[in-house]
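The values are calculated or read from the model by the stated rules, or taken from the named source; none is laboratory data. Note that this is a predicted model, so its numbers are computed, not measured. Here the Cβ positions follow ideal geometry from the backbone for every residue, glycine too, while neighbour counts run over all protein chains shown.
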Amino acid sequence: MSLLNENMQHPNNEENRNQALTGASGILPYSLIKTLINRKKIQSLDPIPEQQIQPASLDLRLGKKAYRIRASFIPNSDKTVLECAGDLIDHEFEIESGAVLERNCVYLVELKEFLELPESIWAIANPKSSTGRLDVFTRIIADKTQSFDKIVPGYTGPLYAEISPHKYSIIIRENSRLSQLRFIRKNPSQLEQQRSIISDRELKSLHKELSNKYNGFGLVNGIARISDGLQLGVSLSSSDNIIGYKAKHYTPPIDLDRIGYYNKNEYWDPIFENEKKRLVLDPNEFYILASSEYVRIPAEYAAEMVPIDPSMGELRVHYAGFFDPGFGDTEDLSKGSKGVLEVRSLDVPFYIEDNQIIARLKYEKLAEPPSKLYGTDIGSTYQSQGLKLSKHFHD
């Protein structure tokens, strides 16, 4: 019997409701997220639509009220987010009909979703892929929680998004979705926020198994470079001569709800392949590049890209960082998916070469086999992607 059916048969039995939320550790897939919603562990001011629930995450919607604040902050352990914001708030405004968030400013926006998590489940947030590809820095904060993007086991209360557009000003409104939340179940024996990240030994075994099954296309096509996770190189060569894009300055705002609307040439400068197959990243400029490898996320796994890894250089290579189960999972390599890298050199010019390792993927087990996978069948935007800008741009 599925958890959803069990929930329907025992709607008032608290013991059954809590028992069904225990089990194997790992990231909760679509079916268990629906269970959390049905059992009021995830609540919202409005009904949560089906398209908001992803294969292994929940999209978070902006509410009606926003604040421009003077600086970012983390709440104290005994204060709410709004209590800590206090005199940092310069301006309060409604976003129901749309509002512009200016680049290089910091905003706090209430979210429609709020939580009443059991002690066996905690959560972690990431920006959505389209958010990161616009160089919009956003993270989730919660009352009395002294960390960004992490919601502790048993948390009860509201959620807020801190949003800071870096390269482009953006237009948001009520129900815009910039972030996603993953829910992680832990066994009683685990530490409070222990992850189910698989070891390098398991990764090598999984890659070999998939390579044998799919004619050499395992976790990546060809040889997998595995050391503290799956390492990815950067592609500085291309059949059409374009290897990346660099964000332009002083552009009009981008409306996050307009899909396929904007001309990429007004916002991005293409970067062309050169004979030396190398690139110097200018400090504090924003680039969209692609991985050398095609990447596979098998059905019972999810993955996360480490955003800053000092061992690979002083640069940020990803904002979103979360790969759903089923991403790039195909028998046909011609339909494979590359990882898109959102790259910013932090303080100094940084030189990179073709296929140089600049990113690392950590694979994590799901708590149970998924009933929904990333892909075109559910309207996923970035399946079978190569070098690809956010969904707001047309070619």
Return only the number of the condition from (1) part of a helix (DSSP H, G or I); (2) exposed (fewer than 14 other Cβ atoms within 10 Å of the Cβ) that Leu206 does not satisfy. (2)
Taking the stretch 257-284 only, how many residues are in contact with a Leu (Cβ under 7 Å, 6 or more places away or on another chain) and part of a loop (DSSP other than H, G, I, E, B)? 2
Need a quick list: strands (runs of 3 or more DSSP E) entirely within the stretch 54-162 having at least 3 residues that are closer than 28 Å to Lys34 by Cβ. 58-69, 106-116, 121-127, 136-142
Scan the stretch 244-256 for residues that are closer than 13 Å to His392 by Cβ and part of a loop (DSSP other than H, G, I, E, B) and jot them down. Thr251, Pro252, Pro253, Leu256
Across the stretch 68-95, what is the number of residues that are acidic (Asp, Glu) and farther than 18 Å from Pro158 by Cβ? 2
Residues that are exposed (fewer than 15 other Cβ atoms within 10 Å of the Cβ), touching a helix residue (DSSP H, G or I) at 6+ places or on another chain (Cβ under 7 Å) and closer than 12 Å to Ile141 by Cα, drawn from the stretch 71-86: Asn76
Checked the stretch 253-280 for anything over 28 Å from Phe350 (Cα atoms) and in contact with a Ser or Thr (Cβ under 8 Å, 6 or more places away or on another chain); matches are Pro253, Ile254, Leu256, Asp257
Residues in the stretch 231-269 that are among the acidic types (Asp, Glu), over 24 Å from Ser97 (Cα atoms) and modelled with pLDDT of 95 or more: how many? 2
Selection from the stretch 331-356 of residues within 24 Å of the chain's Cα centre (by Cα) and farther than 17 Å from Ile223 by Cα yields Lys335, Val340, Leu341, Glu342, Val343, Arg344, Ser345, Leu346
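Residues Ile171, Ile124, Ile141: which one is more than 18 Å from the chain's Cα centre (by Cα), farther than 19 Å from Asp46 by Cβ and touching a residue at least 12 places away in the same chain (Cβ under 8 Å)?
After applying the criteria, what remains is Ile171.
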Residue count, the stretch 366-383, condition modelled with pLDDT under 95, within 17 Å of the chain's Cα centre (by Cα) and surrounded by 17 or more Cβ atoms within 10 Å (Cβ to Cβ), comes to 6
